[in-house]
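Accompanying notes for the structure given below.
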Amino acid sequence: MRILDADQVRAAAPMPQLLDAVEAAYRDVAQGRDRSPIRSRLPMGSGDLLLMPGVRDGGAGASVKLVTVMPDNAARGLPTIHAVVAWFDAESGEPLAILDGPTLTGMRTGAASGVSTRLLARPDAHVLALFGAGAQAVWQVRAVLAAREISEVRVYARTGDRREAFVASLATELGSGTRVVAAQSAEEAVRGADVICCATTSFEPIFSADWVAPGTHISAVGSFQKGMIELPPEIYAAAALVAVDSREAALEEAGDLVAAIGAGLLGGDGFVEIGTIDAGWAAARDPSGVTVFKSVGLAIQDLAAAELVMANLGRTDRVIG
């Protein structure tokens, strides 16, 4: 059995390929080929233990991810998310690999925002506002940059030291072609942004809907259970199009979307699965319309990412990390 560390997982799944793999997974969801159940959640300490098995029709294998989400870890100087992903051969059921879970999770979660940006954002979008400076944040940027020609990234996080450190690291990675700035307030980050990515564990809205400019695309991947309200519910009422990764999962776990429905700001039929959106929609979109993508994260994303990693490595490449 292979043990694939973070560097091996990252190298085997280039972001442009990963966007294609995750988009294909979303098409599978919309067309009924995803056989994965909604994740199981068990309270553990101050956080959650999540179990996410993934399988789809015609796939090369199956994945099972075990995840812990511990919001208090930031105060401990530890990542919020820890995870491992097991990969099984579809024919024999043989366990073939254990993949580094935090890396795979960050990559596929970033890819979700990249896919939504590719399908929904204005083609000329060039300013990205990023909320959050945790492990997910850098993957959000990498994925959006794979979808649009972003010239400026504005970063806002509540902890100033973490925000400044993240900005310095990101600026070094992106180089002189992309301006990276630390926004001093949420409003400063949002006003005039073309794409907004939210990767926080907030239980209350992190910005005001009034600050969002016409034509903005918003991708929210942080909140994953009822009671977590990352986006202002009013933004759902203002949006020209609202997309989710899975209708069933969104109604079960997307706290801000459920809150918007409960407040009468969004109808129960007022959103679509992103896998139903035509690849050419963004090119013909209303340039003044606001679009929203709400993702709670699906096991099929892990499955698609793991399948890409294994395919690019090749079964004969026996690597022990």
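Sorted by packing (mean other beta-carbon atoms within 10 Å per residue), highest first, where do 207-216, 238-247 land?
On the way: 207-216: 18.2, 238-247: 21.5.
Result, highest mean first: 238-247, 207-216.
Take every Cα pair under 8 Å in the stretch 23-116 that's 6+ residues apart, average their separations, divide by the length, and report that relative contact order as a whole percent.
Over the stretch 23-116, the number comes to 18 percent.
Choose one of Gly132, Ala165, Val155: the residue whose Cα lies farthest towards the positive end of the charge dipole of the stretch 119-257 (beta-carbon charges +1 Lys, Arg; -1 Asp, Glu; about the Cα centre).
Of the candidates, Ala165 comes out farthest on the positive side.
Rank by packing, highest mean first: peptides 88-99, 47-58, with packing defined as the count of other Cβ atoms within 10 Å averaged across residues.
Ranking the peptides 88-99, 47-58 by packing returns 47-58, 88-99.
Can you work out D for the stretch 75-114 in µm² s⁻¹ from Stokes-Einstein, where Rh is the Kirkwood radius over C-alpha pairs, the temperature is 20 °C and the viscosity is 1.002 mPa s? Don't skip to the end; give the middle numbers.
On the way: Rh = 11.9 Å.
Reported coefficient: 180 µm²/s.
Take the Cα coordinates of the stretch 117-245, assign each an equal point scatterer, and use the Debye formula without solvent to give log10 I(q)/I(0) at q = 0.10, 0.15, 0.18 Å⁻¹.
Treating every Cα as an identical point scatterer, log10 I(q)/I(0) equals -0.27, -0.64, -0.95.
So for each of 60-66, 6-12 I average, over its residues, the number of other beta carbons within 10 Å; can you give me the resulting order with the highest mean first?
Top to bottom by mean Cβ count within 10 Å: 60-66, 6-12.
For the stretch 1-59, what log10 I(q)/I(0) values come out of the Debye formula at q = 0.14, 0.24, 0.30 1/Å, with one point per alpha carbon and no solvent?
The Debye formula, applied to the Cα set alone, gives -0.63, -1.02, -1.05.
Can you bin the stretch 162-321 into rounded, prolate or oblate? Criterion: square roots of the alpha carbon gyration tensor eigenvalues sorted a ≥ b ≥ c, rounded for a/c under 1.5, prolate for a/b above b/c, oblate for the rest. Walk me through the intermediate numbers first.
Values: a/c = 1.65, a/b = 1.20, b/c = 1.38.
Because a/c hits 1.5 or more and a/b fails to exceed b/c, the stretch 162-321 counts as oblate.
Membrane-span-like helices in the chain: DSSP H runs reaching 20 Å or more (Cα, own axis), mean Kyte hydropathy at least -0.5?
Values: long enough: 15-30 (22 Å, 0.23); 101-120 (28 Å, 0.22); 160-174 (21 Å, -0.09); 299-313 (21 Å, 1.13).
Span-like helices in the chain: 15-30, 101-120, 160-174, 299-313.
One-quarter of the Cα convex hull surface for the chain, in nm²?
15.4
Taking the Cβ-Cβ separation of Ile98 and Glu248 as r and a Förster radius of 25 Å, what is the calculated FRET efficiency to the nearest 0.05? If you can, show how the numbers build up before the last one.
Numbers: r = 29 Å, r/R0 = 1.15.
Efficiency computed from Cβ-Cβ geometry: 0.30.
Only the coordinates and a few stated rules stand behind these numbers; no lab work does. Only a predicted model underlies this, so the values are computations on that prediction, with no experimental measurement involved. FYI the Cβ positions are ideal-geometry reconstructions off the backbone, even for glycines, and counts take in every protein chain you see.
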